[in-house]
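Novice: Structure provided below as structure tokens; questions to follow.
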Amino acid sequence: MMNSRRISVLVVDDEPRVLRFVRAELESDGYRVLIASNGRQAIELHESERPALVILDLIMPDLDGFEVLRRIRVSARTPVIVLTARASDVDKIRGLDLGADDYLTKPFNPEELAARMRAVLRRTQGLAAVDERQVLTFGDVEVDLERRRVTVAAEEAALSPTEWQLLMNLIQNAGRVILHEDLLGMTWGPEYRNDLQYLRVWVSRLRRKLGESSHHPGLIKTVPGVGYMIREPDRLDGEGETLVEASAEPGTPS
């Protein structure tokens, strides 16, 4: 289990009861908790304290969570979990589009919040290891592993840490189908293995950033009822000749 000692977490919400509740729960787990009751205070604390994680309510007066997230993403990749109203799917999607790493609906269970925090910190602090000397080409998509940079038709596609991790897990199994539950576990942790809708949301986001559409299917294939796969790269530049061993026919891993 990840050691939470000395990890700083910034909690942003305009409801004092929520701040007290979350602060008490996280401090009992050993986190160092910073609190902000409005957007401007949140930005100031983020700049001065550089927390390891931000828990951010989206709906606040004056400077809302969307604008706070946008400003954080201008200069930092700090992991952000956004808090949303239960029925607000539009807010979830907008938050993810602005670069949030996860979302949680109110009211929430403190154990679920703690689990999501651990999962986000795991995947942003320990991204999948690959041979960083390589540059992979998939048609008009180029993946520079050393610079962690993706371009589509020579235009950079800005991936969040979560999207990069998801792409790396697919690439490391290029040409092979990854079961839904396995891809969820590899990318987000065992807590997410049964959350198929969650996976669909993130795969859809990654596909859009890779330039996929109904007219341009792209490189991630859906195997209905089973999982996802990414085709093998067209070309690999750098040390070595192949990223993965070619298999005769893609199949479901045992």
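Novice: Name the residue that is surrounded by the fewest Cβ atoms within 10 Å (Cβ to Cβ), counting only residues in the range 62-76 that are assigned to a loop (DSSP other than H, G, I, E, B) and in contact with a Gly (Cβ under 8 Å, 6 or more places away or on another chain).
Specialist: We begin by selecting, within the range 62-76, every residue assigned to a loop (DSSP other than H, G, I, E, B); these are 62-64, 76.
From what's left, in contact with a Gly (Cβ under 8 Å, 6 or more places away or on another chain): 62-64.
Working: 62: 9, 63: 15, 64: 18.
It comes out as 62.
Novice: Is one or more of the residues making up the range 97-104 crowded, with 20+ Cβ neighbours inside 10 Å, under 22 Å from residue 8 (Cα atoms), among the hydroxyl-bearing types (Ser, Thr, Tyr) and assigned by TED's automatic domain parsing to the domain that holds residue 17?
Specialist: There is at least one residue in the range 97-104 that is crowded, with 20+ Cβ neighbours inside 10 Å, under 22 Å from residue 8 (Cα atoms), among the hydroxyl-bearing types (Ser, Thr, Tyr) and assigned by TED's automatic domain parsing to the domain that holds residue 17.
Novice: I've got another one for you. Out of 35, 59, 43, report the one residue that is free of Cβ contacts under 8 Å to residues at least 60 places away in the same chain, in a loop (DSSP other than H, G, I, E, B), β-branched (Val, Ile, Thr) and surrounded by 14 or more Cβ atoms within 10 Å (Cβ to Cβ). If you could, list the steps in order and put the result at the bottom.
Specialist: On the way: 35 fails: in a loop (DSSP other than H, G, I, E, B); 43 fails: in a loop (DSSP other than H, G, I, E, B).
59 is the lone residue from the list that is free of Cβ contacts under 8 Å to residues at least 60 places away in the same chain, in a loop (DSSP other than H, G, I, E, B), β-branched (Val, Ile, Thr) and surrounded by 14 or more Cβ atoms within 10 Å (Cβ to Cβ).
Novice: Please give the helices (runs of 4 or more DSSP H) falling wholly within the range 106-211 in which 2 or more residues are crowded, with 19+ Cβ neighbours inside 10 Å and at pLDDT below 90. Write out each step before concluding.
Specialist: Values: elements: 110-125, 161-171, 180-188, 196-209.
It comes to 110-125, 161-171, 180-188.
Novice: Just checking, does the range 8-16 include any residue being in a loop (DSSP other than H, G, I, E, B), buried (at least 17 other Cβ atoms within 10 Å of the Cβ) and not charged (D, E, K, R)? If you could, list the steps in order and put the result at the bottom.
Specialist: Going residue by residue through the range 8-16, those that are in a loop (DSSP other than H, G, I, E, B) are 13-15.
With the extra rule that they be buried (at least 17 other Cβ atoms within 10 Å of the Cβ), the set shrinks to 13-14.
If we keep only those that are not charged (D, E, K, R) too, we end up with none.
Scanning the range 8-16, I find no residue that is in a loop (DSSP other than H, G, I, E, B), buried (at least 17 other Cβ atoms within 10 Å of the Cβ) and not charged (D, E, K, R), so the answer is no.
Novice: Please enumerate the residues belonging to the range 77-96 that are surrounded by fewer than 16 Cβ atoms within 10 Å (Cβ to Cβ) and within 15 Å of residue 14 (Cα to Cα).
Specialist: 85
Listed here are the residues, each with its yes/no results for (1) closer than 27 Å to residue 193 by Cβ; (2) out of contact with any Lys or Arg (no Cβ under 8 Å at 6 or more places or on another chain).
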site	(1), (2)
23	no, yes
30	yes, no
33	no, no
55	yes, yes
96	yes, no
106	yes, no
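The values are calculated or read from the model by the stated rules, or taken from the named source; none is laboratory data. Keep in mind it's a predicted model, so treat the numbers as computed, not measured. Note that we place each Cβ from the backbone using ideal geometry, even for glycine, and neighbour counts take in every protein chain shown.
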